[in-house]
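The values are calculated or read from the model by the stated rules, or taken from the named source; none is laboratory data. It should be emphasised that the depicted structure is a prediction, and the values quoted were computed from it without experimental measurement. Cβ: placed from backbone, ideal geometry, glycine included. Neighbour counts: every protein chain shown. For accessibility, only protein heavy atoms count, side chains too; no ligands or nucleic acids. Shrake-Rupley method; radii C 1.70, N 1.55, O 1.52, S 1.80 Å.
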Amino acid sequence: MSGNDPKAGEATKHERLLHYIRELPVGTKISVRQMAKDRGVSEGTAYRALKEAEQLGFISTKERIGTVRVDKKRRGNPGQLTFAEVLEIVQGSLLGGEEGLEKSLHKFVIGAMELDEMRGYIDAGSLLIVGNRENAHRIALEHGAGVLVTGGFGTSEDVKALADDRRLPILTCRHDTFTVASMINRAMYDRLIKRKIMMIADLVEPSTKIGSLKQSATVADFLKLSAETGGSRFPITDEWNRVVGMITSKDVAGSASSQTLDKLMTRRPTTVTMATPVASAAHRFVSEGLELLPVTDRYRKLIGTIGRAEVLRAMQFEGRPAQLGETFDALMWSGLAESRDEEGRLYFTGTATPQMSGPLGTVSEGVLAALMQQAGARAVEDLRRSEHVLENMTTYFLRTVPIEAVITIQPLVIEASRRFVKMEIQVSHDGELIAKAMMTAQTIDPG
């Protein structure tokens, strides 16, 4: 296709380098200079290939470790922390067993017990967090576990050699055992929360072959690509593969076959990244009337595309996660019980806890606003059985709320259409109105 990258030879060389990187064994170290020398290419060409391989998830660059070939996993899989990630979290250094850094751990064990008792808790894939107890280091490695030595201590050369032989990392950091355990536990919770939020990365597999056209492509090139793929809209990229426009069959209708697309395309199109929540993408599709979104990296380079039907279908079948772990919203909302009045309308009752207090010792206005928004969201779900995006919320605080007061939150629907819901949300205590909000939300109907 003449409209695509005119430097066909260079593109082919680039693809060969990407194939070479994919074929490397997991754990292999890679450098720009070495790859350029081994493959007979310039360092600039090698660098571009490595950067794209990193975006596609085939390599990872970590501080104090370097660039290594990693196992490509979908974000939605229930992956665990790797020892390399633990090393970064605790800001530590590696004592031995470098080849095991990319292995995952399924639990951590605090070594505050006798050695005989410790054996019952350590198994393959675990991490022993312990101080300068060399015997414990040895036992953990012999049982297939990694070791994190706290307090800035090291270990013997024999243990380091054992770590290298077993390909199990032994790490050290300056923090105490309790601090380290808290840091790792927090990281595990954060990862769990992230994995329960569906992202574009769960739907799109990055690819080097994407239906796209260059600015210099012609209407004839568009028609050829459309016939090959069955598509009617494509991203337009510049010479650096950055998205600069979108082109559709309506844009080219009636134009000469030799007309270049840069004169016909829609400039500065809406894009998403792999880290964009699916709900956010769905909102853009619905609110802007789009059918296709380019997926880009942080440099706006094209790495894939996602369609409206695919996103809305994913929302329909995936549904809302039942729990999002220890998010602040979930913790605040967990204390409210759901009920219905005589007319079948939802309302929520709960006790204001000390954690909800603000600087004056009464319930924080921010907490009240968050609770009203949560109540409104639940009412939209109950009314429409669909997802929504908050568009506007105006809050009024009429009275202060003391700690341990029993509050009632009731959303009252004012107007509801296929796409919008407007409601008033009231918060009361002992029958007295203490706060209210006017809320407008746009619903996203996956049907």
Problem set entry | Of all residues making up region 138-157, the number that are part of a loop (DSSP other than H, G, I, E, B), over 19 Å from Arg174 (Cβ atoms), open to solvent by 10 Å² or more (accessible area, probe 1.4 Å) and of a type outside the set (S, T, N, Q) | 2
Seminar exercise, completed: With criteria (1) in a loop (DSSP other than H, G, I, E, B); (2) of a type in the set (S, T, N, Q); (3) under 33 Å from the mean Cα position of the chain (by Cα); (4) farther than 29 Å from Glu23 by Cα, Asn185 comes up short on (1)
For this session: Please indicate, with yes or no, whether at least one residue in region 411-426 is modelled with pLDDT of 90 or more, open to solvent by 30 Å² or more (accessible area, probe 1.4 Å), under 21 Å from Ala330 (Cβ atoms) and of a type outside the set (Gly, Ala, Ser).
Result: no
Exercise. All but one of (1) surrounded by fewer than 16 Cβ atoms within 10 Å (Cβ to Cβ); (2) of a type outside the set (Gly, Ala, Ser); (3) touching a residue at least 40 places away in the same chain (Cβ under 8 Å) hold for Asn135; which doesn't?
Worked result: (3)
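Look at region 105-123 and say how many of its residues are more than 28 Å from the chain's Cα centre (by Cα) and surrounded by fewer than 18 Cβ atoms within 10 Å (Cβ to Cβ).
11
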Exercise. Considering Leu360, Leu368, which residue is within 27 Å of Ile197 (Cα to Cα) and either in contact (Cβ under 8 Å) with a residue 12 or more places away in the chain or crowded, with 18+ Cβ neighbours inside 10 Å (or both)?
Worked result: Leu368
Exercise. Only one of (1) under 30 Å from Val278 (Cα atoms); (2) modelled with pLDDT of 85 or more; (3) not basic (Lys, Arg) is not met by His137, so which one is it?
Worked result: (1)
For this session: Determine the pairs where a residue that is touching a residue at least 60 places away in the same chain (Cβ under 8 Å), located within region 84-96, has a partner that is open to solvent by 10 Å² or more (accessible area, probe 1.4 Å) and in a helix (DSSP H, G or I) with Cβ atoms under 7 Å apart, the partner being 6 or more residues away or on another chain.
Result: Ile89/Met183; Ile89/Ala187; Val90/Met183; Leu95/Lys160; Gly96/Lys160; Gly96/Asp164
Exercise. Only one of (1) open to solvent by less than 30 Å² (accessible area, probe 1.4 Å); (2) modelled with pLDDT of 80 or more is not met by Ser60, so which one is it?
Worked result: (2)
For this session: Could you tell me which residue of region 164-219 is surrounded by the fewest Cβ atoms within 10 Å (Cβ to Cβ), considering only residues that are touching a Gly at 6+ places or on another chain (Cβ under 7 Å), acidic (Asp, Glu) and modelled with pLDDT of 85 or more?
Result: Asp176
Seminar exercise, completed: In region 230-289, anything in a loop (DSSP other than H, G, I, E, B), touching a residue at least 12 places away in the same chain (Cβ under 8 Å) and within 27 Å of Ala441 (Cβ to Cβ) is listed as Pro269, Thr270, Thr271, Met274, Ala275, Thr276
Exercise. Across region 341-353, what is the total count of residues that are out of contact with any Ser or Thr (no Cβ under 9 Å at 6 or more places or on another chain) and farther than 16 Å from Met423 by Cβ?
Worked result: 3
Problem set entry | Matching option when the condition is modelled with pLDDT of 85 or more, farther than 17 Å from Ala337 by Cβ and not small (Gly, Ala, Ser), among Leu368, Leu383, Leu360 | Leu368
